[in-house]
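Report on the structure given below.
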Amino acid sequence: MMNKQKDMIKVNMHLVEACNYSCKYCFAKFDDHKVLNKDDWMNIIDNCVNSGRVYEINFAGGEPMLVPYLHELAEYVNSKGIRCSLITNGSLMTDEWIRKYAGLFRTIGMSVDSFDAETARMVGRCDRFGNVQSAERTAEIIRNVKALYPAVKIKLNTVVNALNVSENLAEFIVAEKLPVDRWKFLKMCYFNDGCHNNASLAVTDNQYREFVCSNLREFGVYDVSDNQVLYNTASGTEVVAESKIKGGYYMIDAGGRLVDDTTNDSYRSVIDCRTQSFEDGIRKLTLYTDVYDSRYKTA
Ligand code: SF4
């Protein structure tokens, strides 16, 4: 279904394709390796703001914390009265960075697929030396952010794939009483652009459902329905179980283009946000409103 929605939207800005990790399923593979500069991104932010349609900009990647002027872009977004959020693998987040910059973001999301170091390494969620972020460091980051900036929402994203599908990450989150506001499960999305193909890590619907059920059980949630996306748990963590993500994002790639992922198994450029109107771009984009709404209208 084509999107004709009039509502305000959240935009994912993939500032950079590069990442210090190399997850085998990663879909942040855009076919333009051009790196934009700070002024380009500020112009793109202006373009989004001028559309009058954007309520939040989420900085993503690749790994957005590799961008040295990330905090300046966050300050710029805030100065426009638009919410700013971040999704990162967390590995570059020092305590000093948290103290200086974490408060710029309404939400800080961290991608966590496993609390087991060996599984994380097999997924590729490690740097080129094989270093992984430990469960303990993830917990420390979450607690440090919340201690300094209680209003910042903490989100975790877990991509359910063949390597972590039998893991129960919730045990650690519940046992440690981690102040996670929202935890999202995503069924690994098939991606194939001719160079990158993640089919070997795919899971079936039944395997995904079993992962969702076993992790929700730790929160005392036993009633799991295939049609339900959002679960409010007694500990205050919202658990979001997504099985579809294609057509559910407003994505600007690392080359500054609004991209459409609904036409095949990779991305199609809709407009160049540096030179064309973002407002026109979102009119041309195919968006599945049921998928988008299941993600953001519950936020
Ligand atoms: S951490 Fe994120 S951006 Fe980096 S390789 Fe993994 S999925 Fe891709």
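A short reminder: the numbers here are calculations on the coordinates, not readings from a lab. Note that the coordinates shown come from a computational prediction; the quantities given were computed from them, not determined experimentally. Neighbour counts are summed over all protein chains in view; Cβ atoms, including those assigned to glycine, are modelled from backbone coordinates with ideal geometry.
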Original post:
Under a plain spin-label model, where a point goes 7 Å from the Cα along Cα-to-Cβ, how far apart in nm are Glu75 and Asn197?
Top reply: 4.7 nm
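Over 23 Å between Cα atoms, which of Lys24/Lys187; Lys155/Lys246; Lys10/Lys177; Lys10/Lys153 qualify? Present the calculation step by step, with values, prior to reporting the outcome.
Details: Lys24/Lys187 14 Å; Lys155/Lys246 20 Å; Lys10/Lys177 29 Å; Lys10/Lys153 16 Å.
With Cα atoms farther than 23 Å apart: Lys10/Lys177.
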Original post:
Amide H of Ile271: which non-local residues (sequence gap of 5 or more, or other chain) have their own amide H closer than 5 Å, using H built in the peptide plane?
Top reply: Leu258
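Net charge near Arg217, counting Lys/Arg +1 and Asp/Glu -1 over other residues with Cβ under 15 Å of its Cβ?
Values: positive: Arg209; negative: Glu167, Glu171, Glu210, Glu218, Asp223.
Taking every Cβ under 15 Å from that of Arg217, the sum is -4.
If R0 is 22 Å, what FRET efficiency do you get for Lys38 and Asn131 from their C-beta distance, rounded to 0.05? Could the numbers behind the result be given before it?
Details: r = 29 Å, r/R0 = 1.31.
Result of the calculation: an efficiency of 0.15.
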**OP:** Return the FRET efficiency for the residue pair Ala18, Thr263: r is the Cβ-Cβ distance, R0 is 25 Å, and the value is rounded to the nearest 0.05.
**Re:** 0.45
Subject >> Test item: Cα-centred dipole of region 162-285, Lys/Arg +1 and Asp/Glu -1 on Cβ, debye >> reply: 240 debye
Original post:
For region 205-286, what is the relative contact order in percent, using Cα pairs closer than 8 Å and at least 6 residues apart in sequence?
Top reply: 16 percent
Subject >> Using alpha-carbon coordinates, inclination of helix 70-79 to the longest axis of the chain, degrees >> reply: 70 degrees
Original post:
According to a simple spin-label model (label point 7 Å from Cα along Cα-to-Cβ), what is the distance in nm between Thr119 and Asn50?
Top reply: 4.8 nm
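If you count, for each residue, the other Cβ atoms within 10 Å and average over each peptide, how do 137-148, 16-27 line up from highest to lowest? Walk me through the numbers on the way to the answer.
On the way: 137-148: 17.1, 16-27: 18.6.
Taking the mean over residues of other Cβ atoms within 10 Å, the ranking is 16-27, 137-148.
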Original post:
Which percent of Cα-Cα pairs in the chain sits in each 5 Å bin, short to long?
Top reply: 1, 5, 12, 16, 19, 19, 15, 9, 4, 0, 0
Original post:
Mean separation of Cα pairs under 8 Å and 6+ residues apart, divided by the residue count of the chain: what relative contact order is that in percent?
Top reply: 22 percent
Original post:
Quick one: if you stick a label point 7 Å off each Cα along the C-beta vector at Ser235 and Glu96, how many nm between them?
Top reply: 3.3 nm
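What value does region 40-129 have for Rg/Rh, both radii from Cα atoms and Rh as Kirkwood defines it? Working shown, then result.
On the way: Rg = 14.9 Å, Rh = 14.4 Å.
Rounded to two decimals, Rg over Rh is 1.04.
Under the rule of -39500 (n - 2.57) per DSSP H run of 4 or more residues, summed and divided by the residues of the chain, what mean residue ellipticity at 222 nm is obtained, to the nearest 500 deg cm²/dmol? Intermediate values should be presented prior to the final figure.
Numbers: 9 runs with 85 residues, N = 299.
Estimated from H runs of four or more residues: -8000 deg cm²/dmol.
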Original post:
Given region 1-158, what whole percent of its Cα pairs are spread farther than 25 Å?
Top reply: 33 percent
**OP:** Please identify the cysteines of the chain that lack any partner cysteine with a Cβ under 4.7 Å from their own Cβ.
**Re:** Cys19, Cys48, Cys84, Cys126, Cys189, Cys195, Cys213, Cys273
